[in-house]
Amino acid sequence: MKVAEAIVQIMVKEGIQDAFGIPGAGINPVYKYMENAPIEHYCMRHEEACVHAADGYYRAKHKIALAICTSGPGATNFVTGLYTANIDSIPVLAITGQANSWQLKQDAFQCVDMVSIASSVCKKVYCPLEAEKIPEIMREAFYLMRSGKPGPVLLDLPLDIQQQEIEFDIEQYEPKAIQKISASYAEIEKVLDMIEEAKMPAIIMGGGVILSKSEEKLIQFAEKLQIPIIQTYMAKGGVPINHPLNAGHAGIQVGQPIGNKIFLESDLIIGIGNRFTDRHTGNLEVYRHGRKFIHIDIEPTQIGKVFQPDLGIVSDAKIALEMLLEVAEKRNLGAVGRKEIEKLPEWRKELARKTDFDDTPIKPHRVFKELNEVFDENTMFTAGCGITQIWSGQLQEINRPRRYLPSGGAGTLGFEVPAAFGAKVADPTATSVTVLGDFGFTFMGEEIAVSAAYEKPMITVIVNNAYLGLIRQNQKVAYDFEYGVDMPYNQNGLIDYVKVAEGYGCVGERVFTPDELRLALEKAKKSEKSVVIDVICEPEQLCDMGVALDNIRNFGD
C-alpha cells in the first residue's frame with residue numbers, strides 16, 4: 001500500500017479519533033486516505049490553531065489528537081503551538097507536508113528545514129527519506145509522545161515519500177508498550193523519614209500529577225498524614241475547592257495569599273510533578289530559606305534544573321504516590337502535619353481576594369466572581385497570557401482536574417480560543433469557556449468561526465480593559481513609564497467585537513455593568529450557539545504580584 005494510507009491506518013490503530021488541520025498540496029496524499037477513515041477532521045482557520053486545538057483536546061480528554069497541515073509557511077506556523085504543548089508536557093501528533101525528497105536542498109517552493117526549526121520544541125522531529133521505515137517511525141513517535149515526560153512529535157513528510165508503495169499489514173502492527181519509571185523503596189522510606197522529622201511539611205501538586213491522573217492518590221496521602229496541599233498553576237482544580245487540606249496556589253503571579261502563607265510557614269516541601277519555575281518561586285533566596293525540598297518528577301533533567309533539592313527522585317507520580325501510601329501504611333503513620341491544620345478552611349476565607357466590586361466600569365475581579373457563580377464544575381476554561389490570565393489563576397474557582405486548561409509555561413496569546421474549541425470536541429457534554437483580554441482576542445480569535453461552522457458551541461469572555469494590561473503594569477511598576485500600551489479604540493466603538501462575533505457566525509454582546517454581565521453569562525450558558533461577551537472593564541486596574549513570596553503587592557482594593 002502507499003505510505004500515506006499506512007500512516008492513516010497506524011493513526012487509527014494508535015487511537016487517533018480527531019484531527020485539526022488545513023489541507024494543502026504538500027499533505028494531500030495523507031488527506032486522501034483520511035477521507036474515509038474513522039477520524040473526524042476539523043478545518044481550522046490558521047495552522048497555529050491546529051496545534052492549540054489538539055493541545056486543548058488532550059488536556060480535556062487525555063487522548064492524543066492530530067494536528068496536520070501543508071508545507072512551508074503552514075509548517076512553520078505550527079512552531080508556536082508545538083512550543084506551547086512541549087513546555088506543558090502535552091502530547092500532540094503533528095504532521096506537516098514537505099517538498100519532494102530530491103528538492104530538499106534546492107530551495108524549492110514551500111520547502112523549509114522543519115527538523116532544524118522545530119527540534120527544540122518537540123520531543124523529536126522526523127523527516128523520513130526511506131519509505132519502508134515509516135511504520136517503525138510512527139510506532140516510535142507514539143511511544144515518545146506517551147512515555148516519560150509527555151510532549152509533541154512532528155513528522156515532516158516529503159511529498160514523494162507519502163506516495164511510495166511499501167509492504168505493510170496493519171494487523172501486524174502493535175503499539176509499543178510504555179514502561180513506567182519507578183522510585184525505589186529506599187527513596188520512598190527517605191521521603192517519609194524527612195516528613196516525620198519536619199514540623200510543618202507541605203505538598204506541592206504539580207501538573208505532572210494531573211497528567212498521570214494521580215490527584216486522588218495524592219489527596220489520600222495528604223489526608224493520611226494531614227499535610228496541606230499547594231497546587232501549581234498547572235494543577236489548578238486538582239484538589240476540590242472546599243477540601244480541608246486545599247491550600248490554593250503559591251507564587252508571585254498566579255499565587256494566592258493562602259498558598260503563599262502555607263508555603264512560607266513550611267519547613268519541608270514535597271514537590272510532586274512540578275518544575276519550580278520562576279512565576280511560582282520568585283526570589284529563590286526567599287523561596288528556599290529555612291526549608292528543605294523533596295522533588296519527585298518523571299523527567300531526570302528536571303531534578304536540580306532550578307535548584308538542587310535535598311532529595312530528588314525520578315519516578316512516575318502515580319507510582320511514587322502508590323508507594324508512599326503503601327509504606328506509610330506499613331509504618332502506621334498518622335497525622336504529622338502542623339497542629340493548626342484544621343484552621344485551613346477558615347484561613348482560605350479570611351485571605352481570599354475581594355471580588356464583589358459593584359463598580360462601573362466593571363472591575364476585572366468581578367468578572368471572575370460571576371464566572372465562578374454562573375458556571376458549574378463541568379465547565380472547561382482555557383487561559384493564555386497577560387493580566388487576564390493572572391486574574392484567572394488567582395480568582396477562578398475550579399473544582400475538578402482537567403477543567404482548567406491554561407498555557408502555563410509558554411503563556412501563549414492565541415492559545416485560548418482554539419484550545420477551547422479542541423476541548424469542546426474532546427468533551428461535547430461539558431461547557432467550554434475561554435477568558436481572555438481584548439488584545440488577546442485578536443490572536444487566533446478567528447477560530448470562533450470554526451466553533452460556529454461545526455456547531456460546537458463555546459463561550460468567549462473578553463475582559464476588555466483597552467490596554468496591554470500586563471505590559472503596562474510592568475512599565476509603570478518596574479520602570480516608571482507608560483508607552484505604546486493604550487488601546488482606547490477597543491472600548492470607544494471603533495473596534496467592535498460584537499460585529500466580529502456576528503461576522504464569524506456567533507452571537508455577540510457587549511456589557512457595561514455587573515448585572516448585565518450576569519444576565520449575559522446565564523444567557524450564553526443556555527444558548528446552543530457560540531457566544532462572545534465583550535465586558536467593558538476598568539482600564540487601569542493592576543493585578544496583585546511581586547518579586548518574592550513575602551513581598552506581593554496588593555492592587556485589588
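Per-residue answers, yes or no, for (1) polar (S, T, N, Q); (2) in contact with a helix residue (DSSP H, G or I) (Cβ under 7 Å, 6 or more places away or on another chain); (3) at positive phi; (4) surrounded by fewer than 24 Cβ atoms within 10 Å (Cβ to Cβ):
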| residue | (1), (2), (3), (4) |
| --- | --- |
| E370 | no, yes, no, yes |
| E373 | no, no, no, yes |
| E377 | no, no, no, yes |
| M380 | no, yes, no, no |
| A383 | no, yes, no, no |
| Q394 | yes, no, no, no |
| N399 | yes, no, no, yes |
| A410 | no, yes, no, yes |
| G414 | no, yes, yes, no |
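Mind checking which residues of the range 448-473 are surrounded by fewer than 24 Cβ atoms within 10 Å (Cβ to Cβ) and either of a type in the set (G, A, S) or in contact with a His (Cβ under 8 Å, 6 or more places away or on another chain) (or both)?
Residues satisfying the conditions are A449, A452, A453, A466.
Out of the residues in the range 438-461 that are touching a residue at least 24 places away in the same chain (Cβ under 8 Å) and β-branched (V, I, T), state the one that is farthest from E509 (Cα to Cα).
V450
Which residues, taken from the range 374-389, are within 11 Å of V463 (Cβ to Cβ) and not small (G, A, S)?
Passing the criteria: I387, T388, Q389.
Please find, within the range 88-111, the residue that is surrounded by the most Cβ atoms within 10 Å (Cβ to Cβ) out of those that are assigned to a loop (DSSP other than H, G, I, E, B) and at pLDDT 95 or above.
Filtering the range 88-111 for residues that are assigned to a loop (DSSP other than H, G, I, E, B) and at pLDDT 95 or above, the one surrounded by the most Cβ atoms within 10 Å (Cβ to Cβ) comes out as V92.
Going through the range 473-494 one residue at a time, which ones are without any contact (Cβ under 8 Å) to a residue 40 or more places away in the chain and part of a loop (DSSP other than H, G, I, E, B)?
D480, F481, E482, Y483, G484, V485, N492, G493, L494
Can you confirm whether K499 is under 15 Å from Q541 (Cβ atoms) and either in contact with a Leu (Cβ under 8 Å, 6 or more places away or on another chain) or part of a helix (DSSP H, G or I) (or both)?
No, not satisfied.
Quick one: which helices (runs of 4 or more DSSP H) lie wholly within the range 37-87 and hold at least 1 residues that are touching a Leu at 6+ places or on another chain (Cβ under 8 Å)?
So the answer is 47-61, 79-87.
Looking only at the range 468-483, decide whether some residue is on the phi > 0 side of the Ramachandran plot and at pLDDT 95 or above.
Yes, there is a match, as at least one residue in the range 468-483 is on the phi > 0 side of the Ramachandran plot and at pLDDT 95 or above.
Looking only at the range 423-440, count every residue that is out of contact with any Leu (no Cβ under 9 Å at 6 or more places or on another chain) and assigned to a helix (DSSP H, G or I) and tell me the total.
Here the count works out to 3.
Kindly indicate whether any position in the range 23-39 is within 22 Å of L405 (Cα to Cα) and either touching a strand residue (DSSP E or B) at 6+ places or on another chain (Cβ under 6 Å) or surrounded by fewer than 24 Cβ atoms within 10 Å (Cβ to Cβ) (or both).
No - not one qualifying residue is present in the range 23-39.
Restrict the check to the range 160-182 and report whether at least one residue is touching a Pro at 6+ places or on another chain (Cβ under 7 Å) and surrounded by 21 or more Cβ atoms within 10 Å (Cβ to Cβ).
Yes, the range 160-182 contains at least one residue that is touching a Pro at 6+ places or on another chain (Cβ under 7 Å) and surrounded by 21 or more Cβ atoms within 10 Å (Cβ to Cβ).
Kindly provide the set of residues from the range 347-398 that are of a type outside the set (D, E, K, R) and assigned to a loop (DSSP other than H, G, I, E, B), ordered by number.
Within the range 347-398, A352, T355, F357, T360, P361, F375, N378, G384, C385, G386, Q396, I398 meet the criteria.
Filter the range 127-169 down to the residues that are within 21 Å of D88 (Cα to Cα), in contact with an Asp or Glu (Cβ under 8 Å, 6 or more places away or on another chain) and not in a loop (DSSP other than H, G, I, E, B) and list them by number.
Result: F142, single match.
What single numbered condition from (1) touching a residue at least 60 places away in the same chain (Cβ under 8 Å); (2) under 22 Å from E502 (Cβ atoms); (3) in contact with a strand residue (DSSP E or B) (Cβ under 8 Å, 6 or more places away or on another chain) fails to hold for E540?
Checking E540 against (1) touching a residue at least 60 places away in the same chain (Cβ under 8 Å); (2) under 22 Å from E502 (Cβ atoms); (3) in contact with a strand residue (DSSP E or B) (Cβ under 8 Å, 6 or more places away or on another chain), the one that fails is (2).
Scan the range 226-241 for residues that are surrounded by fewer than 24 Cβ atoms within 10 Å (Cβ to Cβ), of a type outside the set (A, V, I, L, M, F, W, C) and over 19 Å from the mean Cα position of the chain (by Cα) and jot them down.
Q226, the sole residue that qualifies.
If you scan the range 441-471, which residues turn out to be closer than 17 Å to N490 by Cβ, among the aliphatic types (A, V, I, L, M) and part of a strand (DSSP E or B)?
Selection gives V461, I462, V463.
Look through the range 307-339, keep the residues that are among the aliphatic types (A, V, I, L, M) and modelled with pLDDT under 95, and return whichever of them is farthest from H280 (Cα to Cα).
L333
Please go through the range 316-336 and give me each residue that is part of a loop (DSSP other than H, G, I, E, B) and within 20 Å of S214 (Cβ to Cβ), ordered by number.
If the condition is that a residue be part of a loop (DSSP other than H, G, I, E, B) and within 20 Å of S214 (Cβ to Cβ), then D316, L333 are the ones that fit.
The values are calculated or read from the model by the stated rules, or taken from the named source; none is laboratory data. All values derive from a computational prediction rather than experimental measurement. Using ideal geometry, Cβ is built from the backbone for each residue, glycine included, and neighbour counts are taken over all protein chains shown.
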